[in-house]
Amino acid sequence: MLLPRPEHGVVAADPPGTGPGYWAGAPCAVAGDSEIFLAYRLRRPIAQGRGYAIPVARSADGERFATLLTIGKEEMATESLERPALVRTPGGRWRLYLSCATAGTKHWRVEMTEAAHPAEFDVRDRQTVLPGDAKTGVKDPVIIHHGGLWHLWASCHPLADPLQTDQMTTEYATSTDGLTWTWHGTALSGTPGHWDSRGTRVSAVRFDGDVVMAYYDGRASVAENYEERTGVATGSDPAALTAVADQPLAFSPYQGGGLRYLDIMSLPDGRHRLYYEMTRRDGSHALVTELR
C-alpha cells in the first residue's frame, strides 16, 4: 500500500497566494511519450473567484512542470472549477474531463474535451458527459480504462436540502466509450461516527488482480470541508468498496491536516509518482509530489 510521506514530498506547484483559501492541487497525472502530463486546479478564496483555472502542464522529471495551456472558468461558463481528469484513450488521443459548478446553484456537472495532444485542448469544442440532475451534483471523476471497459468513480452531492449539500458519496459507473455512462450505485460512503462520516471522495484507483484498491478523501463534519484527509478502501467489486481502517492514513502535519486528491502514477521503471494537495503552515494548499 503506497501512502504519502509529506516529509519526503517536494512542491510541484505553489498556490496563487498565502493563507487559507489559496490552493494549488486536485491533480491528475498521466505518463506519455517519455513525459509526465499533469492537470490541476488553482483556487482563490470564495470572495475572490474560487476555482478559477485548470493548468495543463508537462515535465521530464515529474517535479518541474512547464504549463502548456490554462483553461479559465470564464471559458467553461462556470462559477468554479474543481478536480480535472486527464486520460489517454486506447487509441492514443487525450481527454480532459472538467468539473464545473453551475452558476447560482450548488449543482456540479462534468464536461469533456478531446485532442491529439494535451497542448491542443480547445474547450470551445466540448460536451457534457456527466450532467447530474436537480437532486444530485456530480464532480471530481476518477476515470480508468481497464479490461476493455471505461470505469468511473465520481463524487456526488445531494441537492434537495441546502444544509446538506456538502455531503458526498462516491458513485461508480461504466462505459464502452468514456462518454455515455451507466451508473451501478454507491461504491463508497462514510461510516457513521467515524472520521469519514460526512463524506467520501475516491481520488485514485488501482486494479491488482481481483482486488480493487481505492484511495479516498474523508471528512467528519462541515467544518472539515476543504481539509479532508486520505484513507484507503478495497473490495473485489469496484462498485462495493470497504474502508480498511477507522482512521485516516495520511494527513498534513499542519493545522487542519488536509491531505487530499491523492493521485498515483506508475512509471515504466516500476516506481511510482504520488501527487496530492496538502495544507501548509500558513493555511494555503500546495501541490506536492513524491517519487516512490
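The values are calculated or read from the model by the stated rules, or taken from the named source; none is laboratory data. Every value quoted in this text rests on a predicted model; they were computed, and no experiment measured them. Cβ atoms come from the backbone with ideal geometry, glycine included; neighbour counts cover every protein chain shown. To get the accessible areas, we keep the full protein, side chains included, count just its heavy atoms, and leave off ligands, DNA and RNA. Shrake-Rupley method; radii C 1.70, N 1.55, O 1.52, S 1.80 Å.
Projected area of segment 133-292, taken from the Cα convex hull and averaged over every viewing direction, in nm²?
Numbers: hull surface 41.2 nm².
The directionally averaged projection comes out at 10.3 nm².
Just the number, please: Stokes-Einstein D of segment 192-254 in µm²/s, Kirkwood Rh from C-alpha pairs, 4 °C, 1.567 mPa s.
108 µm²/s
Solvent-accessible area per residue for segment 126-208 at a 1.4 Å probe radius, Å²?
43 Å²
Determine the per residue accessible area of segment 31-85 with all protein chains present and a 1.4 angstrom probe, expressed in square angstrom.
Result: 41 Å² per residue.
Out of segment 46-93, which trypsin sites (Lys or Arg not before Pro) are coil in DSSP terms and have no more than 13 other C-beta atoms within 10 Å?
Working: sites: 50, 58, 64, 73, 88, 93; in loops: 50, 64, 73, 93.
Here the sparse-neighbourhood loop sites are 64, 93.
Sort largest first and round to whole Å: the equivalent ellipsoid semi-axes of segment 123-190, each the square root of five times a Cα gyration tensor eigenvalue.
Result for segment 123-190: semi-axes of 23, 16, 9 Å.
Whole angstrom only: what separates the Cα centroid of segment 79-132 from the Cα centroid of segment 249-292?
23 Å
Averaging over all projection directions, find the projected area of the Cα convex hull of segment 95-135 and quote it in nm² with one decimal place.
3.1 nm²
Just want to confirm a number: the relative contact order over segment 162-260, from Cα pairs under 8 angstrom separated by 6+ residues, in percent. Mind dumping the intermediate values first?
Values: 225 pairs, mean separation 21.7, N = 99.
Worked out over segment 162-260, it gives 22 percent.
Rounded to the nearest whole Å³, what is the per residue volume of the convex hull around the Cα atoms of the chain?
Numbers: hull volume 36.1 nm³, N = 292.
Spread over its residues, the Cα hull of the chain gives 123 Å³ apiece.
Taking the Cα centre of segment 1-159 as origin, sum charge times position over the Cβ atoms of Lys and Arg (+1) and Asp and Glu (-1), and report the length of that vector in debye to the nearest 20.
The dipole magnitude comes to about 420 debye.
Could you check how much of the accessible area of the chain is carbon and sulfur, as a whole percent, using a 1.4 Å probe?
49 percent
In percent, how large is the relative contact order of the chain, given Cα pairs closer than 8 Å and 6 or more residues apart? Walk me through the numbers before you get to the answer.
On the way: 831 pairs, mean separation 48.0, N = 292.
Reported as a whole number, the value is 16 percent.
Kirkwood Rh and Cα-based Rg: tell me the resulting Rg over Rh for segment 37-151, rounded to two decimals.
Details: Rg = 14.3 Å, Rh = 14.7 Å.
With Rh from the inverse mean 1/r over Cα pairs, Rg/Rh is 0.97.
Checking the cross-link filter: which lysines have an alpha carbon closer than 19 Å to that of residue 73, excluding same-chain neighbours under 8 positions apart?
106, 139
Which cross-chain or sequence-distant (5 or more) residues have an amide H under 5 Å from the amide H of residue 137, H modelled 1.01 Å from N in plane?
Correct list: 108, 157, 159.
Report the Rg/Rh value for segment 1-82, based on alpha-carbon coordinates and the Kirkwood definition of Rh. Can you show the working numbers first?
Numbers: Rg = 13.8 Å, Rh = 13.8 Å.
Result: Rg/Rh = 1.00.
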